[in-house]
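Everything below concerns the one structure shown next.
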Amino acid sequence: MTLRERPRRGPIRREQIAAAALTVLLDRGYAGTSIRAIAEQAGCSLETLYRHFENKEALFLELVNSFRQRIVEPLRHAAAAPLTGRDLKEALTHAGTLLFDVLTSDEGLKMQRLTFAESGRFPQLGRLVYDEGIRHFDDAVAAILSDAAARGLLQCPDPHEAARIFSGMILFDPRERLLLGIEQPQSRGDRSDYIERVVTLFLTGNRSSTTTATPAEIS
């Protein structure tokens with residue numbers, strides 16, 4: 001059985017151990033974190049920890065998967081549903097909101113700082129975050145865009161490239177400001193207005209030349 005196929009046991013205790021791992025990893029870095037330190041932070045024995053996680057990498061994977069589930073899983077339903085112009089804007093707004101809320105949360109920012117700081121020495125961590133997190137979001141958004149393009153709602157010759165551009169438009173400026181500590185998190189209303197402007201700009205730039213969208217569909 002591979003690491004990713006390992007069965008889940010005791011979800012509450014498992015989540016407690018993962019939360020403890022995040023605390024210790026942020027304090028000590030990946031190299032400086034030991035399994036014993038995580039067990040002490042979680043208030044459990046090494047035997048209990050090893051029943052849930054094989055090693056430190058398995059714990060890091062658990063943290064990445066928790067972010068992926070909160071962002072990507074809700075998008076799978078949107079990707080499977082037929083789209084109209086209005087539905088497309090709503091689907092992208094939903095996708096952008098999920099991405100924004102999770103990755104600009106306090107926990108999300110801490111996880112990104114950890115990954116950025118450690119991926120130079122441990123490139124497998126960066127690859128893990130991309131393969132198990134970012135790539136799944138891009139795939140979900142690309143599926144939405146591909147369906148929209150097939151229905152003549154967008155010009156989108158490369159849905160995966162467009163998905164990456166979309167996530168960059170949503171995240172780059174606000175996340176940079178938060179990571180640098182020069183701005184406080186936006187209010188819910190400001191966040192919603194910002195995401196709506198980004199989605200409208202993205203759709204306007206990719207609108208199909210054969211489709212005339214109504215104002216309600218793009219604004």
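The values are calculated or read from the model by the stated rules, or taken from the named source; none is laboratory data. Not measured: the values here are computed from a predicted model. Heads up, the Cβs are rebuilt from the backbone with ideal geometry, glycines too, and the neighbour counts pull from every protein chain shown. Only protein heavy atoms, including side chains, enter the accessible area calculation; ligands, DNA and RNA are left aside. Shrake-Rupley method; radii C 1.70, N 1.55, O 1.52, S 1.80 Å.
Do we find a residue being among the polar types (S, T, N, Q) and either at pLDDT 85 or above or closer than 30 Å to Arg28 by Cβ (or both) anywhere in the range 82-91? For the range 82-91, residues among the polar types (S, T, N, Q) and either at pLDDT 85 or above or closer than 30 Å to Arg28 by Cβ (or both): absent.
Against the numbered list (1) farther than 30 Å from Val24 by Cβ; (2) in a helix (DSSP H, G or I); (3) modelled with pLDDT of 85 or more, Ala216 comes up short only at (3). Within the span defined as the range 51-58, one or more residues are farther than 26 Å from Asp193 by Cα, open to solvent by less than 50 Å² (accessible area, probe 1.4 Å), basic (Lys, Arg) and modelled with pLDDT of 85 or more.
Taken as a whole, the condition of being under 25 Å from Arg207 (Cα atoms) and touching a residue at least 24 places away in the same chain (Cβ under 8 Å) does not apply to Ala142.
Starting from residues that are outside any helix (DSSP H, G or I) and within 20 Å of the chain's Cα centre (by Cα), keep the ones in the range 105-159 and report whichever is farthest from Ile170 (Cα to Cα).
Ser119
Close contacts from the range 1-26, counting a first residue that is closer than 23 Å to Met111 by Cα and among the acidic types (Asp, Glu) and a second that is at pLDDT 85 or above and not in a loop (DSSP other than H, G, I, E, B), with Cβ to Cβ under 9 Å and a gap of 6+ residues or different chains, come to Glu15/Glu62.
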